[in-house]
Amino acid sequence: MKTKLILFLLLVGFQFAFSQEVVVDSVTAAKMRTEKEMELEKEKIKAEKEKLEAKEKKEKELAKAQKEKEKAEKDKLKAEKDKLATEEKREKELAKAEKEKEKAEKEKLKAEKEKLEAEEKREKELAKAEKEKEKAEKEKAKLEKEKEKAEKKVAADKEKLEDAKDDVAKQREKINKQMQEIESEKMKFDKAKLKGKLSPNDELKWREKILKKEEKLQDYKSDLQKAEKKMNKLG
């Protein structure tokens with residue numbers, strides 16, 4: 001626009017000067033400038049004008065091309081920025097998905113571990129309960145066995161006590177019987193001695209017989225003491 005204005009002013013100034021010269025001295029002007037020169041000047045002006053217009057057009061085209069280039073670069077930068085933003089967003093989403101996957105896997109592993117621990121704990125508790133049950137059953141069986149053994153022992157001791165009592169009674173009966181026999185033999189010996197019918201040899205035999213019975217009585221008494229001691233121990 002500035003270039004056009006300059007050309008216009010030059011043209012107006014040229015025309016004004018030319019008209020002044022015509023007014024002052026038309027004959028001189030005719031001599032100074034022929035038609036051919038005028039045509040050449042016009043051609044020159046036209047050429048300069050076209051050159052200027054071509055330059056302006058080129059400048060406009062260059063400016064347009066520059067703008068388009070800048071726009072293309074901006075669009076390219078925007079596309080790259082959008083692409084980068086999309087890639088970053090995708091990477092973030094992938095990272096988030098990976099984290100969520102890892103979290104889910106950790107929670108799954110944790111749940112499986114807790115389940116396994118619970119099962120192991122339950123198995124241990126069951127095993128412990130089973131052992132305690134077996135132990136209790138063994139203790140019960142042992143107690144029943146001991147009870148049975150004690151009952152048998154009581155029964156056996158009772159039987160032994162009864163046997164011991166019977167033995168004491170038998171020993172007492174033997175003693176009483178032996179005492180009666182000794183008393184009877186002594187009476188017979190005394191009667192025979194009073195009658196004077198015994199020879200010294202017979203008297204000696206009789207006394208020996210009574211002595212043996214008294215010795216046997218002592219044995220019976222000793223057996224009685226043993227039987228009573230055994231009875232008292234069992235009772």
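The values are calculated or read from the model by the stated rules, or taken from the named source; none is laboratory data. The model shown is predicted, which means the values in this text are computed figures rather than measured ones. Cβ sites come from the backbone with ideal geometry, for glycine too, and all protein chains shown count toward neighbours. Accessible surface areas use protein heavy atoms only, side chains included; no ligands, DNA or RNA. Shrake-Rupley method; radii C 1.70, N 1.55, O 1.52, S 1.80 Å.
Peptides 165-175, 194-204, 45-55, ordered by how many other C-beta atoms sit within 10 Å of their residues on average, highest first, read 165-175, 45-55, 194-204. Straight-line cross-link partners of residue 138 among the aspartates and glutamates, defined as a Cα under 16 Å from its Cα and at least 8 positions apart when in the same chain: 130, 146, 148. Between residue 187 and residue 154, the C-beta separation translates, for a Förster distance of 45 Å, into a calculated FRET efficiency of about 0.40.
Taken per residue, the accessible surface of the stretch 91-180 reaches 95 Å², heavy atoms only and a 1.4 Å probe. Listed by chain and number, the lysines whose alpha-carbon sits under 24 Å from that of residue 92, ignoring those within fewer than 8 places in the same chain, are 76, 78, 81, 83, 101, 103, 106, 108.
Taken over the stretch 80-235, the convex hull of the Cα atoms encloses 109 Å³ per residue.
The portion of the accessible surface of the stretch 110-220 made up by carbon and sulfur, rounded to a whole percent, is 52 (1.4 Å probe; DNA, RNA and ligands excluded).
The phi torsions of the stretch 112-121, fed into the Karplus equation with coefficients 6.51, -1.76 and 1.60 and a -60° offset, translate into couplings of 5, 5, 5, 5, 5, 5, 5, 5, 4, 4 Hz, rounded to whole numbers, with Gly and Pro shown as x. Working note: Cα gyration tensor of the stretch 114-197, eigenvalues times five, square-rooted, sorted largest first, giving semi-axes of 78, 6, 4 Å. If the chain linking residue 215 and residue 51 were pulled fully straight, counting 0.36 nm for each residue of separation and taking away their Cα-Cα distance, it would gain 40.9 nm. Distance between the 7 Å Cα→Cβ label points at residue 135 and residue 67: 9.8 nm. Here's the list of lysines a cross-link from residue 135 could span, going by alpha-carbon distance under 29 Å and ignoring same-chain residues fewer than 8 apart: 121, 124, 145, 147, 149, 152, 153.
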